[in-house]
1. Can you tell me the order of 155-162, 20-27 when each peptide is scored by its average per-residue count of other Cβ atoms within 10 angstrom, highest first?
2. I'd like to check one number: the per residue accessible area of segment 119-228, probe 1.4 Å, reported in Å² as a whole number.
3. So how strong a dipole does segment 94-222 carry about its Cα centre when Lys and Arg Cβ are +1 and Asp and Glu Cβ are -1, to the nearest 20 debye?
4. Set the Förster distance to 30 Å, then compute FRET efficiency between TYR162 and MET215 from the Cβ-Cβ distance, nearest 0.05.
5. Which parts of segment 105-129 would a label at GLN30 reach, counting a residue when its backbone N lies under 17 Å from a point 7 Å out along Cα-to-Cβ?
Amino acid sequence: MTNLLDRGWLIEMESFSVAMARECGRILLQYSQNFVDVQFKDRYETDPVTEVDFRIQEYVKETIYKELPSHDILSEEDSASHIRTTNLKDFVWCLDPLDGTANFIGGLGFYGVSIALLYRGCPVVGTIYIPEGLSSGGVYHARIGGGAFYEDEPIAVSGHKYPAPSGLIGLPANAGRIFDIKRERFHSLGETRVTGSMSCEMAMVAAGTFQYSLMWKPRIWDVAAGAILIN
């Protein structure tokens, strides 16, 4: 695939994506210091959405359509009736404006903004902004064939060939019901953590903080940026 895409253009798109992620981080910081209006996308009130989700989505979409009008966008907070998944253009940006909304509302700093560029369905550029990263808030970013970074520092996945029992792993809250894992084998899989943010977990896997992460029914905007980081 790298032969189909100009390296200089990929570097430009990575920088463009990082710049958007940084601005999203500034927006998050503004809202984290003030009360935000919370709504719910389901009748059981388990899937919250806030005004910051929509503010970030608005900013990213406006920026992309202004700078790259020939590209398409898929964003989580668009109404399902308005998300086209057929006849998309070659270049599509996937956006999760706030992955880990419940954490954000509760004041837990494990949430992020996930932005990825797909070429014909395959991730080629990915950025994830996390307010509390390896040392402080920052951007995880990567492009195909260019390695993965946290800010300017190279990162890499865990070097363990097999899971270390003392190493960290990410699991969804309902892992016991959805994965057929024998209870007696759980101890050998690693130290489990439930974070509430797929994007953050994938960034942690890319950085080697987590050995791996198991997920349940992710959407493309949940994992596109993380996939290129880990790859």
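1. Packing proxy ranking, top to bottom: 20-27, 155-162.
2. 52 Å²
3. 540 debye
4. Efficiency, from the Cβ-Cβ distance: 0.90.
5. 113
The values are calculated or read from the model by the stated rules, or taken from the named source; none is laboratory data. Quick caveat, the model's predicted, so the values are computed rather than measured. Note that each Cβ is placed from the backbone with ideal geometry, even for glycine, and that neighbours are counted across all protein chains shown. For the accessible areas, the whole protein counts, side chains as well, though only heavy atoms, and no ligand, DNA or RNA atoms are used. Shrake-Rupley method; radii C 1.70, N 1.55, O 1.52, S 1.80 Å.
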